[in-house]
Amino acid sequence: MDKTLNNFLEIKGSKSITKEQAVAFGVTDFKKGWVKRFGNNVVNIDTWKEMISGISHYNRKVVKKSQRVSPSLDQYLYLFKSEDERYKVGVTNDLQKRRSSIRSSSGLNISIEGAWSPGSFKAVYLESLLLDKYKKFKTIGEWLKFPEGYPVRKEIRDFLEMYSDEGVYQVK
């Protein structure tokens with residue numbers, strides 16, 4: 001995802017921005033059509049991170065009770081791959097236990113393709129953004145099937161880097 005005004009407004013969920021945000025994106029007027037004129041303007045990564053961290057719903061943890069993980073435990077966003085070339089994006093505090101659980105329920109061999117610790121940003125929220133981003137690849141349940149050669153691991157890492165305030169520690 002590019003660090004454009006359009007993407008910022010989409011994440012924010014409204015077309016209102018502060019004077020500081022307007023300056024950062026190079027918005028010089030708010031006449032009719034301003035979003036169309038300035039929507040592709042970009043900001044640097046540090047400015048982007050600062051702006052994103054200021055969005056209240058972005059920082060709020062909205063998860064189902066069954067998905068809650070104790071805040072005292074490290075949360076990992078994982079990318080598992082099944083023997084039939086499907087992928088699963090999820091969150092856990094124990095990678096091996098989660099892998100075993102999925103292997104038992106699916107009957108498939110599962111490999112850990114990537115696991116990231118996204119810092120203070122909520123892993124569950126990032127998981128929901130990724131699942132929304134990849135909904136066109138969804139097959140059964142939360143399993144995803146990408147075209148051959150699709151750089152899913154790199155794309156997820158780049159996505160997490162953009163949303164992390166402390167960098168992303170890659171476990172694998």
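Holding the Cα-Cα limit at 32 Å, pick out from Lys32/Lys154; Lys15/Lys136; Lys36/Lys81 the pairs that are longer than that.
Going by Cα-Cα distance, Lys32/Lys154; Lys36/Lys81 fall outside the 32 Å limit.
At 7 Å along Cα-to-Cβ for each site, give me the label-to-label distance between Asp132 and Lys19 in nm.
Each label point lies 7 Å from its Cα, and together they span 3.1 nm.
Starting with the fewest neighbours, write out Tyr150, Tyr78 ranked by other beta-carbon atoms found within 10 Å of each beta-carbon.
Tyr150, Tyr78
Using a cut-off of 11 Å between beta-carbons, work out the net charge of the residues near Glu142 (Lys and Arg +1, Asp and Glu -1, Glu142 not included).
That works out to +3.
How do 27-34, 125-132 rank on mean C-beta neighbours within 10 Å, highest first?
Final packing ranking: 125-132, 27-34.
Bear in mind these aren't lab numbers, they're just calculated from the coordinates by the rules spelled out. All of these numbers come straight from a predicted model, not from anything done at the bench. Virtual Cβ from ideal backbone geometry, glycine too; neighbours counted across all protein chains shown.
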